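Visitor: One structure is given below, represented as C-alpha cells, and several questions about it will come after.
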Amino acid sequence: MSDNTLLNTAPAADESSKASLNFIEQKIESDLAEGKNGGRVQTRFPPEPNGYLHIGHAKAIALDFGVAQKYGGVCNLRMDDTNPQKEDTEYVEAIKRDIEWLGFKWGNILYASDYFQQLWDLAVELIKRGKAYVDEQSAEEIAAQKGTPTVPGTNSPYRDRPVEESLRLFNEMNSGNVEPGKMVLRAKIDMASDNMHFRDPIMYRVLNMPHWRTGNKWNAYPMYDYTHGQCDYWEGVTHSLCTLEFVSHRPLYDLFVDWAKEVAGDDKPLDDNRPRQTEFNKLNLTHILLSKRNLLMLVQNGEVNGWDDPRMPTISAFRRRGYSPEGIVAFINKIGYTKFDALNQMSLFESAVRDDLNKRAQRVSAVINPVKLIITNFPEGETETYTAINNPENEADGTHEIEFSRELWIERDDFMEDAPKKFFRLGPGKEVRLKNSYIIRCPEENCCKKDADGNITEIYAELIPETKTGEANCNMKIKGKTIHWVSCRHCLEAEVRNYDRLWMVENPRDEVAAYSKAQGKDRIDIEDMRHFINPASLEVKHAYVEKWCATRKPLDYLQFQRIGYYTPDYESTPDHLVFNKTVGLKDTWQKTK
C-alpha cells in the first residue's frame, strides 16, 4: 500500500448513535444482523474523472465514506474511467483533493480501467454462452427498435447471429479498424421486458482512441451499466449506494452480477454475498445548476473563471470561497437521506456554514465602502495600540494588536448627514462607540466635508477621553451603536470580491431546459444559459483592512466584523491582498427572493 493511501479505521457505531438512523443505515444494520457478506461493510465512491466534483457529489461522499467509517468498514475510491473522450488526470487529482478536504479517507484508489481485461474476458464468455451478440445497426436503428414502456421492442436482425461470428466481430471491434458507431456489443436479455434497460442494452462501443491509463491497448470500451456491477462484485463491495435515477437500473445491475458469478463459478450463495444497490435522493439546491456538462460550458465559454470560481457549485469553488468542510457536512447531515427528491433552499445551506464559521472564524476589521473620519482632538502623528480578541468563541485563538490614530476609515453607511430619528450611527450631534476604542461625537454643524459633486470626503468627530475601552468610565450609556474602523496610517489596501448567486432563477435546471426547448433545441447551449445568468454575480470593491490580515493564508476563516465571513483568495499576495466573501452575517435570501 502506497504512502498516500488512506484508511477508514473508525469503530462500529455504539448504541447511542443508533437512536436516529436513516433508511440506509437501517438496511446496513439489518444486513449485518443477518450475517450477510460475512458481516462486512464495504462501499465505494465511483466518480467519473470528466470534471470537478460539485456539491451534489459531497452528499454521496459523506454517505459512502460515512457509513463505512461508522460500521468499521472500508470505502474505496474507484474512478469510473470508461470514457477516455472526456477524462483527464487533472480531474483525478481534483477528486482526490476534494475528498481529503471534506475529511474522508479511502481504503484503496482503484479504476474501472483496472478491470478492462477482466470485463473483456467476461464479455467473450457471455458471447460463448449466448448471452451477448455484436450488432451492426446504427444507433438510430437500435433506438427505434427499443419500443416504449407500453410497446415491446423488436429484435435486432443480428440478435441470433452465430456465436463464432460475434466472437470474430467483437475482436474486430478492438482492432482499430472499425469505425465508431458501426458495431456494438449488446446483452441478449428480453426485448419485451417492462424494464427498458433489459431490452438488450449495449455493453461495448468502439471509440478508437487511447486511454490515459491503458494507452493504445483498447479501442472498444465497456459501458457504465455493464462495468459498474461487476467491479463492485469483484472488489467485494457490500453496499452500492446510488442516487434515485438508478432505481430502474438495479435489476440490470443485479443480472450482470449474476452472470459474473455464474461465469466465475462462485459457489457462495449469492443472496448472502452480493453487492446490494440502494438508492437515495440527490442534493438539489435553489439557484444552483449541478450538471457537469453545463458547468464545463460555463468554464469553456468564459462565463466563470475556471472550475473553482467561487460562483460555481463545485467543491473546489466552495473551498476557495471559504466554506468549511465541517459546515458542508453538517448541512448534508441536517437534510438527511430519503427516497424522494426535493429542492433545498440555499439559505439553509448558508445557515449551516454560517453556524460553523461563527465558531472558527477570526474577527478582523475591514472597511469595504470607506470614507475618512478625522478625530479632531486626537494629536496628529500619535498612535495608540489596542489588543483585539481573535475569536470570542475560542480563547485558544489568541489576540492581535491594532493601531488607533487621528485619521480612520469607517463605512460610508455608518454616517448620515440628514439622519432619521432611528438612525443610531454617526451623524450631526450623534454619538457612537468605535470598537475597542472611544465613544466619539460629531459636532452639530460642520461635521463633514464634501467634494464639488456633493460627495462626502471627510467626517469630523471628537473622542470622549474617559470612555476608552477598558477604562473605569468606559461604560457611558449612549443610543448610538458600535461601529468598526481601521487606522488610515496602519491599514492595508485590499481587493474584496463580493459574490452573489450566479443564476437569477430559483431552479435554473428546469428553467434553462424549458427555455432551450421553447427555442426548438435538443440540448442546452451556452446562449440558453446566458439568458438566466446574473450579471451582478461578482462585485469587486477597493477596501482597507487592518494589517494583521496580511498574515492570513488562503482557506483561513475570517469574519469582517459587521459585514460577513471572508477568506484570502489563492491569488492574494503581500503586495495585493484579495479576499473572497463566503457568506453574510445574516440570511439575505428571503428578502431577495
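The values are calculated or read from the model by the stated rules, or taken from the named source; none is laboratory data. For clarity, every value in this text was computed on a predicted model and none was experimentally measured. Note: ideal-geometry Cβ built from the backbone for every residue, glycine included; neighbour counts use all protein chains shown. Side chains are part of the model used for accessible areas, which takes the heavy atoms of the whole protein and leaves out ligands, DNA and RNA. Shrake-Rupley method; radii C 1.70, N 1.55, O 1.52, S 1.80 Å.
Visitor: Using a 1.4 angstrom probe, figure out how much accessible area segment 198-269 has per residue, in square angstrom, rounded to the nearest whole.
Guide: Heavy-atom SASA per residue in segment 198-269 reads 36 Å².
Visitor: Right, another one. Could you give the accessible area per residue of segment 319-433, probe 1.4 Å, as a whole number in Å²?
Guide: 45
Visitor: Leaving out ligands, DNA and RNA, what percent of the accessible area of segment 441-593 is carbon and sulfur, probe 1.4 Å?
Guide: Numbers: 4050 of 8650 Å².
Roughly 47 percent of what the probe reaches on segment 441-593 is carbon or sulfur.
Visitor: Pairing the Cα long axis of helix 224-235 with the longest principal axis of the chain, what angle in degrees results, from 0 to 90 and rounded to the nearest 10?
Guide: Orientation of helix 224-235: about 90 degrees from the principal axis.
Visitor: Can I ask one more? So what is the calculated 222 nm ellipticity per residue for the chain, using -39500 (n - 2.57) for each DSSP H run with n of 4 or more, over all residues, to the nearest 500 deg cm²/dmol? Don't jump to the answer; show the numbers that get you there.
Guide: Values: 15 runs with 161 residues, N = 593.
After summing the helix terms and dividing by the residues of the chain, the value is -8000 deg cm²/dmol.
Visitor: Which loop GluC sites (Glu not before Pro) in segment 535-583, with loop taken from DSSP, have no more than 14 other Cβ atoms within 10 angstrom of their Cβ? Mind dumping the intermediate values first?
Guide: Details: sites: Glu539, Glu546, Glu571; in loops: Glu571.
Counting only loop positions with at most 14 other Cβ atoms within 10 Å, the GluC sites (Glu not before Pro) in segment 535-583 are Glu571.
Visitor: Let me ask you something else. Mind pulling the angle between the C-alpha long axis of helix 23-33 and the longest principal axis of the chain? Nearest 10 degrees, somewhere in 0 to 90.
Guide: 50
Visitor: Further question: Can you give the FRET efficiency to the nearest 0.05 for Ala536 and Glu382, using r as the Cβ-Cβ distance and R₀ = 51 Å?
Guide: Details: r = 43 Å, r/R0 = 0.84.
FRET efficiency, Ala536 to Glu382: 0.75.
Visitor: Related question: In segment 45-112, if the dipole is taken from +1 on Lys/Arg beta carbons and -1 on Asp/Glu beta carbons about the Cα centre, which of Ile55, Gly66, Met79 is farthest to the positive end?
Guide: Gly66
Visitor: Further question: Looking at the chain only, what percent of DSSP beta bridges run antiparallel? Nearest 5 please.
Guide: Antiparallel bridges: around 65 percent, rounded to the nearest 5.
Visitor: In nm, give the distance between the simple-model label positions of Asp451 and Ala518, each being 7 Å from the Cα along the Cα-to-Cβ direction.
Guide: Modelled inter-label distance: 4.3 nm.
Visitor: Taking a ≥ b ≥ c as the square roots of the eigenvalues of the Cα gyration tensor of segment 125-180, is the shape rounded (a/c under 1.5), prolate (a/b larger than b/c) or oblate?
Guide: oblate
Visitor: While we're here: For Lys581, Lys334, give the ranking by accessible area with the largest first, probe 1.4 Å.
Guide: Reading off the accessible areas and sorting them downward yields Lys334, Lys581.
Visitor: For Lys430, which lysines qualify as cross-link partners when the Cα separation must be under 20 Å and same-chain residues fewer than eight apart are set aside?
Guide: Those lysines meeting the cut-off are Lys372, Lys421, Lys422, Lys449, Lys450, Lys468, Lys477, Lys479, Lys481.
Visitor: Quantify, in whole percent, the carbon and sulfur part of the accessible surface of segment 157-242 (1.4 Å probe; protein heavy atoms only).
Guide: Carbon plus sulfur share of accessible area: 49 percent.
Visitor: On the protein heavy atoms, probe 1.4 angstrom, tell me the percent of accessible surface of segment 49-117 carried by carbon and sulfur.
Guide: Taking all protein chains in place, segment 49-117 shows 39 percent carbon and sulfur surface.
Visitor: Would you please classify the overall shape of segment 71-124 from the alpha carbon gyration tensor, given that a ≥ b ≥ c denote the square roots of the eigenvalues, rounded means a/c under 1.5, and beyond that prolate means a/b larger than b/c while oblate covers the rest?
Guide: Note, shape of segment 71-124 comes out oblate.
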